[in-house]
Amino acid sequence: MNSGEPEHHPDSFLDGLEALSRQGLRRRLRRINSAQGGRLSLDGRDVCCFSSNNYLGLANHPHVTAAVRDAVERWGWGAAASRLITGHMGPHEQLERRLAAFKRTEAALVCSTGYQANLAAIRGIAGAGDVVIIDKLNHASIVDACRGSGAVLRVFPHRDYDKLARLLDRSGSFRRRVIVTDSLFSMDGDLADLPRLVELKRRYDALLCIDEAHATGVLGENGRGLAEAAGVEGEIDVVVGTLSKALGGIGGFIAARAEIIEWLINTAGAFIYTTALPPAACAAAMAALDIVEREPQRRRDLLASAARLRRELAEICSSNRHATSDRRPSIGDSASQIVPLIVGDAAEAVRLADALLDDGLLVLPIRPPTVPRGTARLRISLSCEHTPADVDRLLAAIDRHLR
Ligand SMILES: *Cc1c(COP(=O)(O)O)cnc(C)c1O
């Protein structure tokens, strides 16, 4: 499972760091010296960025930044308290109404981050006496939320819904059964089978909670997410999302029936015991939603360019002259704007990323523990700001450097 914490802490932190270096697993911070966008300044160089979650180019969009400036003028900067004390301001309430309408639910609740939204949602609905059943490749925030919930945790292999059905079949003695899954998986770019999950949650009287962090703003005719694209809005008990990916800002949210939201407001520690988002962050999210609603061409361009990238990258992988049958790079089952180039070995992923960076292409390697051992990869994420020529450059460079 992909939570970031080590299983054993070393006696000496220095020894621990050296061990990470030896395994090709040591990470470091990189400093960006420009606003976010398809092109960035990194360590004084201009690079084309294929590693952000700024899928719709909204992190630095003038409509969004203007909304932030106006909100700071009107509301100031800080919220000064948690929501239940005096931090609940006009923009929080407005945004929550807007998100509920966007996600077609009765109510919504904004949290400080998507990470905290998962903590609040999962720990709010599942506790002692309950079972939470999750996909093995769910985001680390879901794993962390489950581990601290008091509920029994069961894990099914990635998208193996027959196994999920067997786990549900043996879960009759629990008070509540909760199924949790990413809708668009963050490191693989593949999709959960939501109609199948809805059928299972009905058959076994379970609650279904989906994390639409990467799908919100991107998938569905109106950008409402995979639930919209799959035609199952209204069948999902709890939708978690973030304001920080396609919407380009900061904050997370939970959309659900009014009684569930009301319950979370009263009981979810990750919502209650932390300061409210700055009101300007809420204004930014509303401005981003304006653009999602008004400019469908952004997500259409993004998905068309992603489809081409997947097609041509799969071609490069299958004709790779260095590959052997047991070691062939692949894009897995990606069906979205997130396209992994899975090379297996962590050191190889780092080598490839370094070679691309020399060509001015920023694509970060993703290694264990974020992904399972033996599946290290480059995680390519596209933005509607990338031009066809940017994608051509990336494909040509990968073709040149792949071993
Ligand atoms: C990024 C992410 C989150 C956390 O969202 P933040 O707003 O960045 O805290 C939650 N779930 C998934 C699937 C994510 O990819």
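Could you list, ordered by first residue, the pairs with Cβ atoms under 7 Å in which the first is in region 148-177 and assigned by TED's automatic domain parsing to the domain that holds GLY269 and the second is part of a loop (DSSP other than H, G, I, E, B) and modelled with pLDDT under 95, at least 6 apart or interchain? Qualifying pairs under 7 Å: VAL155/MET1. Scanning region 314-352 for residues that are of a type in the set (Val, Ile, Thr), buried (at least 19 other Cβ atoms within 10 Å of the Cβ) and assigned to a strand (DSSP E or B) yields ILE338, VAL339, ILE342, VAL343. Of all residues in region 46-57, none satisfies being without any contact (Cβ under 8 Å) to a residue 60 or more places away in the chain, surrounded by fewer than 13 Cβ atoms within 10 Å (Cβ to Cβ) and either over 23 Å from CYS111 (Cα atoms) or not basic (Lys, Arg) (or both).
Within region 29-41, the set of residues being open to solvent by 100 Å² or more (accessible area, probe 1.4 Å) and either farther than 15 Å from ILE366 by Cα or touching a Gly at 6+ places or on another chain (Cβ under 6 Å) (or both) comprises ARG31, ARG39. For region 367-394, the set of residues classified as over 26 Å from LEU25 (Cβ atoms), within 25 Å of the chain's Cα centre (by Cα) and surrounded by fewer than 17 Cβ atoms within 10 Å (Cβ to Cβ) consists of THR387, PRO388, listed by residue number.
Inspection of region 230-238 finds a residue satisfying the criterion of being in a strand (DSSP E or B) and within 19 Å of ALA107 (Cβ to Cβ). Just one of the listed residues (LEU119, LEU84) is among the hydrophobic types (A, V, I, L, M, F, W, C), within 16 Å of the ligand (Cβ to nearest atom), in contact (Cβ under 8 Å) with a residue 40 or more places away in the chain and in the same structural domain as ALA206 (by TED's automatic domain parsing), and it is LEU119. Considering only region 247-257, state which residues are touching a helix residue (DSSP H, G or I) at 6+ places or on another chain (Cβ under 9 Å), open to solvent by 10 Å² or more (accessible area, probe 1.4 Å) and either more than 17 Å from GLY87 (Cα to Cα) or not assigned by TED's automatic domain parsing to the domain that holds GLY148 (or both). Correct list: GLY248, GLY249. Among the residues of region 107-125, those that are open to solvent by 40 Å² or more (accessible area, probe 1.4 Å) and closer than 19 Å to GLY225 by Cβ comprise THR113, TYR115. Can you say whether ALA306 is of a type in the set (A, V, I, L, M), at pLDDT 95 or above and not assigned by TED's automatic domain parsing to the domain that holds THR375, as far as the supplied structure shows? Considered against the rule, which asks whether it is of a type in the set (A, V, I, L, M), at pLDDT 95 or above and not assigned by TED's automatic domain parsing to the domain that holds THR375, ALA306 comes out as no. Please indicate, with yes or no, whether at least one residue in region 16-28 is surrounded by 17 or more Cβ atoms within 10 Å (Cβ to Cβ), more than 16 Å from the ligand (Cβ to nearest atom) and outside any loop (DSSP other than H, G, I, E, B). No, because not a single residue in region 16-28 is surrounded by 17 or more Cβ atoms within 10 Å (Cβ to Cβ), more than 16 Å from the ligand (Cβ to nearest atom) and outside any loop (DSSP other than H, G, I, E, B). Residues that are of a type in the set (S, T, N, Q) and closer than 30 Å to HIS158 by Cβ are absent from region 63-77. The number of residues in region 93-106 being open to solvent by 20 Å² or more (accessible area, probe 1.4 Å) and in contact with an Asp or Glu (Cβ under 8 Å, 6 or more places away or on another chain) comes to 1. Within region 178-197, residues that are assigned by TED's automatic domain parsing to the domain that holds VAL218 reach partners that are within 11 Å of the ligand (Cβ to nearest atom) and part of a helix (DSSP H, G or I) with beta carbons closer than 6 Å, at six or more positions or on different chains, in the pairs VAL180/ILE142. Selection of region 126-152 for residues being open to solvent by less than 10 Å² (accessible area, probe 1.4 Å) and away from the ligand (no atom under 16 Å from the Cβ) yields ALA126, ASP130, VAL131, ILE133.
The values are calculated or read from the model by the stated rules, or taken from the named source; none is laboratory data. Since the model is a prediction, treat every value here as computed from it, not as a measurement. Methodologically, a virtual Cβ is constructed for each residue, glycine included, from the backbone with ideal geometry; neighbour enumeration extends over all protein chains shown. Protein only, heavy atoms only, side chains kept; ligands, DNA and RNA dropped before computing areas. Shrake-Rupley method; radii C 1.70, N 1.55, O 1.52, S 1.80 Å.
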